[in-house]
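Just below is one structure, and these are the notes that go with it.
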Amino acid sequence: MSKLSTLKQWGLRNVLLPTGDALFAHPMMQRLRQLEHMQWWPREQIEGERNRRLAKLVATSYSEVPFYRDLFDRAGVKVADIRCPADLRKLPVVTKSMLREAYPDRCCRTGRGATYETSTSGSTGRNFRVREDRETAAWYRASFLLALEWAGWRIGQPHVQIGMTTQRHLEQLLKDALLGCHYVSGLDLTNTALDRCLALLERKSIQHVWGYPGSLFCLARRAQQVGWNTRLTSIVTWGDQLHSQYRDVIERAFGVRVCDTYGCAEGMQIAAQCGTGTSYHLHELDVVVEYLDDQDNPVQSGTPGRVVLTRLHAGPTPFIRYEVGDIGIGAGEKNCACGRRLRLLESIQGRNADYVLTPSGNRLIVHFFTGILEHFYEIDSFQVIQDRADTIRLHIVPGPGYNRQIQRKIQNALRHRGADMIIEVQAVSEIPLTPGGKRRFIVRTADFESRLSPKLEAAS
């Protein structure tokens, strides 16, 4: 590494980013420094800090949020009764539908300065809104930066991020410039676009690539097809389930182990791989994770259970025993060889990582659809089905205000962003669940990739 690069990274960590945090009331770097230190604490110290933050969260939520005050009172639980994660079992599990009904007046804190609304459907296809502020964003961003450091990246090192934002606003553009981010749209995954991305990596000698598993799988497979074989330093994935076949292709193509991360758009980084083993380190100083059976009882380690989260930073919208909709397997008291004593998550199940292939060869991953449809509040939930090469069927469970005009706006928005195919929209009463109890977001019934491959190669 050159002296200039080293100086730039030092300046970012110690001057520019902390100054920006102070100006915008966004304590990301302060929190990152804390986490960098606390990740090496012994178990007793980690548990003590976690329990202290849990007690503060419970007290704040009870005194300031009517939804949780009613929840505690109906369960006959006092604030002082919650002293550690095991005590949370005294409270009922909170679902998205419960928070939807209470939003925003009964489940959000008031009088906290500037807040903003975020909307997500995750990969479940159902819209959900929460309120957030800069401090909350700083906390989960710090945890994400820590996970990137585990993968081998350092602040200021150039990297490619394949994402779903077509219009980067000023704050994002400044972030990209400062952190050395080359942002590539995941809306266009044609062979031509993938070739441009590979050329960018080579031209700029970029060693770090991040994005959704589906996007990186397409990039890796294209690298294999064209004989691109430069070894990278880090690959980081997020957002969808990293299937084993995706991991294998990505790791073979780029010569480095994939470090997967697990978070949710409600404002939580939950866990991440460090590159030493296959398990995920829980961000224990940010979130308490429970694994429950269908009767809301804890499952034994090594057994799949419903993931229930308690975020230790209250923020404008507190989350206590919040069921996120995933299935996870905890690792009990197993430790990682890296030396960190943060508890481990063995695996996450139930997130969807399929994609739709268009006749022109573009590949539309889960977040292509959620990034568009989450802004239509007239939709309760949705599912995408591709059973013909030139057609998708969009099943929508209507919400208040849904009509034919909204349907046409949805079709136009999808086509405008890259869904160059027939889009059939059908209103349905419900989206069927899989045998495992999940709502599968994309259903593709045939391998259209192999059918179109000769045409795509000819076109590229």
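The values are calculated or read from the model by the stated rules, or taken from the named source; none is laboratory data. What you are looking at is a predicted structure, and each value in this text was computed from that prediction instead of being measured. A quick note on method: Cβ atoms are made from the backbone with ideal geometry, for glycine too, and the neighbour counts reach across all protein chains shown. Heads up: the accessible areas ignore ligands, DNA and RNA and are worked out on the full protein's heavy atoms, side chains in. Shrake-Rupley method; radii C 1.70, N 1.55, O 1.52, S 1.80 Å.
Take the conditions open to solvent by less than 20 Å² (accessible area, probe 1.4 Å) and part of a loop (DSSP other than H, G, I, E, B) and apply them to Gly339. Does it pass? No.
Filtering Glu290, Glu323 for residues that are within 19 Å of Ala102 (Cα to Cα) and either in a strand (DSSP E or B) or open to solvent by 20 Å² or more (accessible area, probe 1.4 Å) (or both) leaves a single hit, Glu323. Among the residues of the range 303-320, is any out of contact with any Asp or Glu (no Cβ under 7 Å at 6 or more places or on another chain) and of a type in the set (Phe, Trp, Tyr)? No, the range 303-320 contains no residue that is out of contact with any Asp or Glu (no Cβ under 7 Å at 6 or more places or on another chain) and of a type in the set (Phe, Trp, Tyr). Out of Ile423, Ile431, one residue alone is surrounded by 13 or more Cβ atoms within 10 Å (Cβ to Cβ), of a type in the set (Val, Ile, Thr) and either modelled with pLDDT of 90 or more or not in a loop (DSSP other than H, G, I, E, B) (or both). It is Ile423. What do you reckon, is Arg112 assigned to a loop (DSSP other than H, G, I, E, B) and either on the phi > 0 side of the Ramachandran plot or out of contact with any Pro (no Cβ under 7 Å at 6 or more places or on another chain) (or both)? Here the answer is no, as Arg112 does not meet what is asked.
Would you be able to say whether some residue in the range 246-258 is closer than 30 Å to Asp133 by Cβ and not β-branched (Val, Ile, Thr)? The answer is no, given that none of the residues of the range 246-258 is closer than 30 Å to Asp133 by Cβ and not β-branched (Val, Ile, Thr). Under the condition of being crowded, with 24+ Cβ neighbours inside 10 Å and more than 18 Å from Ile235 (Cβ to Cβ), the residues counted in the range 270-282 number 1. In the range 205-229, the residue that is least open to solvent (accessible area, probe 1.4 Å) out of those that are in contact with a strand residue (DSSP E or B) (Cβ under 6 Å, 6 or more places away or on another chain) and assigned to a loop (DSSP other than H, G, I, E, B) is Ile206.
Inspect the range 352-363 for any residue being touching a helix residue (DSSP H, G or I) at 6+ places or on another chain (Cβ under 9 Å), open to solvent by less than 10 Å² (accessible area, probe 1.4 Å), part of a loop (DSSP other than H, G, I, E, B) and hydrophobic (A, V, I, L, M, F, W, C) and give the result as yes or no. Scanning the range 352-363, I find at least one residue that is touching a helix residue (DSSP H, G or I) at 6+ places or on another chain (Cβ under 9 Å), open to solvent by less than 10 Å² (accessible area, probe 1.4 Å), part of a loop (DSSP other than H, G, I, E, B) and hydrophobic (A, V, I, L, M, F, W, C), so the answer is yes. For first residues located in the range 376-397 and acidic (Asp, Glu), partners that are open to solvent by 10 Å² or more (accessible area, probe 1.4 Å) and part of a loop (DSSP other than H, G, I, E, B) and lie 6+ apart or on another chain with Cβ distances below 6 Å form the pairs Glu378/Gly399; Glu378/Gly401; Glu378/Tyr402; Asp380/Gly399; Asp387/Thr445; Asp390/Pro359; Asp390/Met421. Please specify each residue of the range 377-405 satisfying the condition of being within 23 Å of Arg129 (Cα to Cα), among the charged types (D, E, K, R) and either in a strand (DSSP E or B) or open to solvent by less than 10 Å² (accessible area, probe 1.4 Å) (or both). Within the range 377-405, just Asp380 meets the criteria.
What residue, among those in the range 406-415 that are more than 13 Å from Leu364 (Cα to Cα) and surrounded by fewer than 17 Cβ atoms within 10 Å (Cβ to Cβ), is farthest from the chain's Cα centre (by Cα)?
Restricting to residues being more than 13 Å from Leu364 (Cα to Cα) and surrounded by fewer than 17 Cβ atoms within 10 Å (Cβ to Cβ), the top hit is Arg408.
Annotation note: of Val226, Val256, the sole residue that is in contact with an Asp or Glu (Cβ under 8 Å, 6 or more places away or on another chain) and modelled with pLDDT of 95 or more is Val226. Candidates are the residues of the range 102-125 that are under 15 Å from the mean Cα position of the chain (by Cα) and open to solvent by 10 Å² or more (accessible area, probe 1.4 Å); the one that is modelled with the lowest pLDDT is Ser123. For the range 71-95, the set of residues classified as assigned to a helix (DSSP H, G or I) and either touching a helix residue (DSSP H, G or I) at 6+ places or on another chain (Cβ under 7 Å) or open to solvent by less than 40 Å² (accessible area, probe 1.4 Å) (or both) consists of Leu71, Phe72, Ala75, Val79, Asp81, Pro85, Asp87, Leu88, Lys90, listed by residue number. If you filter the range 158-173 down to residues that are more than 18 Å from the chain's Cα centre (by Cα) and assigned to a helix (DSSP H, G or I), you find that the one that is modelled with the highest pLDDT is Leu173.
Residues that are open to solvent by less than 70 Å² (accessible area, probe 1.4 Å) and within 27 Å of Glu333 (Cβ to Cβ) number at least 3 in the following helices (runs of 4 or more DSSP H) confined to the range 5-69: 28-38, 43-64. Put simply, of Leu242, Leu198, Leu232, Leu189 the only residue that is hydrophobic (A, V, I, L, M, F, W, C), open to solvent by less than 40 Å² (accessible area, probe 1.4 Å) and assigned to a helix (DSSP H, G or I) is Leu198.
Among residues belonging to the range 35-55 that are touching a residue at least 40 places away in the same chain (Cβ under 8 Å) and not hydrophobic (A, V, I, L, M, F, W, C), point out the one that is nearest to Ala314 (Cα to Cα). Going through the qualifying residues, I end up with Arg53. Just one of the listed residues (Leu148, Leu178) is in a helix (DSSP H, G or I) and open to solvent by 30 Å² or more (accessible area, probe 1.4 Å), namely Leu178.
Specify the residue that is most open to solvent (accessible area, probe 1.4 Å); the eligible residues are those in the range 293-304 that are of a type outside the set (Gly, Ala, Ser) and part of a loop (DSSP other than H, G, I, E, B).
Among them, the one singled out is Gln300.
Residue under question is Val307, and the condition is that it be open to solvent by less than 10 Å² (accessible area, probe 1.4 Å), within 25 Å of His26 (Cα to Cα) and β-branched (Val, Ile, Thr); does it hold? Taking the combined requirement at face value, the residue does not satisfy it.
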